[in-house]
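What follows is one structure encoded as structure tokens, with my remarks underneath.
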């Protein structure tokens with residue numbers, strides 16, 4: 001099967017890590033009989049400063065119609081202090097392509113990377129489903145009397161039955177497909193009674209359709225505490241946009257930092273976007289210090305989305321073996337540069 005992949009390196013270290021992810025994913029795909037063609041796009045701070053937009057009109061429609069996935073690097077440049085280009089690219093993709101699932105695997109590959117005493121890979125192995133198109137991130141709000149002592153700022157969270165149900169159902173479907181035992185829903189219904197009562201009611205109704213999966217609820221503050229004290233309690237966790245943003249980065253800390261944290265912005269069966277969680281790290285761009293592992297693992301998620309779990313597993317196993325061997329960048333305790341990590345991963349994939 002053939003798929004076109006749009007590659008957007010972005011800013012800082014984004015192009016460096018994306019190049020390695022493309023090489024490794026391409027090799028794994030070829031081994032699995034998956035035909036990928038990669039097309040690069042120049043969207044970045046440089047593009048924004050030259051053209052006045054982060055991405056030209058109509059491009060998302062092109063991606064939706066003609067591409068299987070988008071492999072994304074990172075955005076962030078001090079020349080664009082309000083991150084206008086980043087919002088146009090990432091939020092634009094989420095809303096224009098309706099990427100309602102933000103999928104964050106939290107998987108510890110070696111105990112040495114975990115900041116929690118006595119916890120290992122069997123304890124930190126969960127998946128977070130973050131609703132990606134609603135909540136506080138929809139941009140409903142405003143400011144009145146800005147810059148005065150009487151200034152008022154309002155930000156409104158938006159939840160719909162359709163949006164809430166589809167992300168909860170996606171979490172349960174994932175649990176069934178991947179033989180996970182439980183799904184936890186996290187909200188703050190004791191304080192945000194209207195919006196999160198919808199979440200509570202919808203979760204109970206959907207959970208009743210999956211009696212083989214344990215369903216339980218935790219308020220988000222308790223969930224954060226439990227992730228630190230008892231991470232083994234979680235298999236699949238589903239939550240709204242803001243809370244998912246926070247909890248998934250907490251999870252990244254449990255698995256060893258942003259250097260191994262992958263993510264997917266997904267609509268099943270449609271063009272979706274895959275990116276490492278880390279930022280553009282402009283201070284190390286071009287030095288070779290960038291860690292490509294998170295980008296490579298994001299590319300593995302892309303391969304799975306495109307229908308090749310075999311290729312995805314090959315990439316993940318290469319990452320696990322490489323971390324165990326210490327063939328990593330300095331942030332993970334090694335001495336390799338970005339390209340060297342990519343080359344050794346490529347060799348493992350092809351072995």
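The values are calculated or read from the model by the stated rules, or taken from the named source; none is laboratory data. All values derive from a computational prediction rather than experimental measurement. Here the Cβ is made from the backbone with ideal geometry for all residues, glycine too, and neighbour counts use every protein chain on show.
Per-structure values
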{"quantity": "All positions within region 120-159 that are out of contact with any strand residue (DSSP E or B) (no Cβ under 8 Å at 6 or more places or on another chain), within 23 Å of residue 223 (Cβ to Cβ) and part of a loop (DSSP other than H, G, I, E, B)", "calculated": "120, 122, 123, 133"}
{"quantity": "Residue 280 in contact with a strand residue (DSSP E or B) (Cβ under 9 Å, 6 or more places away or on another chain), outside the structural domain of residue 227 (by TED's automatic domain parsing), buried (at least 18 other Cβ atoms within 10 Å of the Cβ) and modelled with pLDDT of 95 or more", "calculated": "yes"}
{"quantity": "Filtered residue count, region 1-38, keeping only those that are in a helix (DSSP H, G or I) and buried (at least 24 other Cβ atoms within 10 Å of the Cβ)", "calculated": "10"}
{"quantity": "Residue 171 more than 30 Å from residue 341 (Cβ to Cβ), touching a residue at least 24 places away in the same chain (Cβ under 8 Å) and assigned to a helix (DSSP H, G or I)", "calculated": "yes"}
{"quantity": "Candidates 254, 273, 297 - the one that is assigned to a helix (DSSP H, G or I) and assigned by TED's automatic domain parsing to the domain that holds residue 12", "calculated": "297"}
{"quantity": "Residue satisfying condition, being over 29 Å from residue 79 (Cβ atoms) and surrounded by 14 or more Cβ atoms within 10 Å (Cβ to Cβ), within set 250, 273", "calculated": "250"}
{"quantity": "Single unsatisfied condition, residue 62 versus (1) surrounded by fewer than 20 Cβ atoms within 10 Å (Cβ to Cβ); (2) closer than 17 Å to residue 282 by Cβ", "calculated": "(2)"}
{"quantity": "Test: residue in region 142-154 that is within 22 Å of the chain's Cα centre (by Cα) and not assigned by TED's automatic domain parsing to the domain that holds residue 305", "calculated": "no"}
{"quantity": "Selection within region 181-207 - assigned to a loop (DSSP other than H, G, I, E, B) and in contact with a helix residue (DSSP H, G or I) (Cβ under 7 Å, 6 or more places away or on another chain)", "calculated": "188, 189"}
{"quantity": "Residues that are over 28 Å from residue 307 (Cβ atoms) and in contact with a helix residue (DSSP H, G or I) (Cβ under 7 Å, 6 or more places away or on another chain), drawn from region 48-74", "calculated": "48, 53, 54"}
{"quantity": "Any pair with Cβ under 7 angstrom, 6 or more apart, that starts in region 312-337 at a residue that is without any contact (Cβ under 8 Å) to a residue 24 or more places away in the chain and ends at one that is surrounded by fewer than 15 Cβ atoms within 10 Å (Cβ to Cβ)", "calculated": "326/333; 334/326"}
{"quantity": "Single unsatisfied condition, residue 210 versus (1) exposed (fewer than 13 other Cβ atoms within 10 Å of the Cβ); (2) in a loop (DSSP other than H, G, I, E, B)", "calculated": "(1)"}
{"quantity": "Residue 257 being more than 16 Å from residue 27 (Cβ to Cβ), in contact (Cβ under 8 Å) with a residue 24 or more places away in the chain and within 21 Å of the chain's Cα centre (by Cα)", "calculated": "yes"}
{"quantity": "Filtered residues of region 218-236 (kept if in a strand (DSSP E or B) and either outside the structural domain of residue 159 (by TED's automatic domain parsing) or closer than 17 Å to residue 116 by Cβ (or both))", "calculated": "none"}
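Let's see how each residue does on (1) outside the structural domain of residue 294 (by TED's automatic domain parsing); (2) touching a strand residue (DSSP E or B) at 6+ places or on another chain (Cβ under 6 Å); (3) part of a helix (DSSP H, G or I):
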residue: 55; (1), (2), (3): no, no, no
residue: 60; (1), (2), (3): no, no, yes
residue: 71; (1), (2), (3): no, yes, no
residue: 76; (1), (2), (3): no, no, no
residue: 85; (1), (2), (3): no, no, yes
residue: 93; (1), (2), (3): no, yes, yes
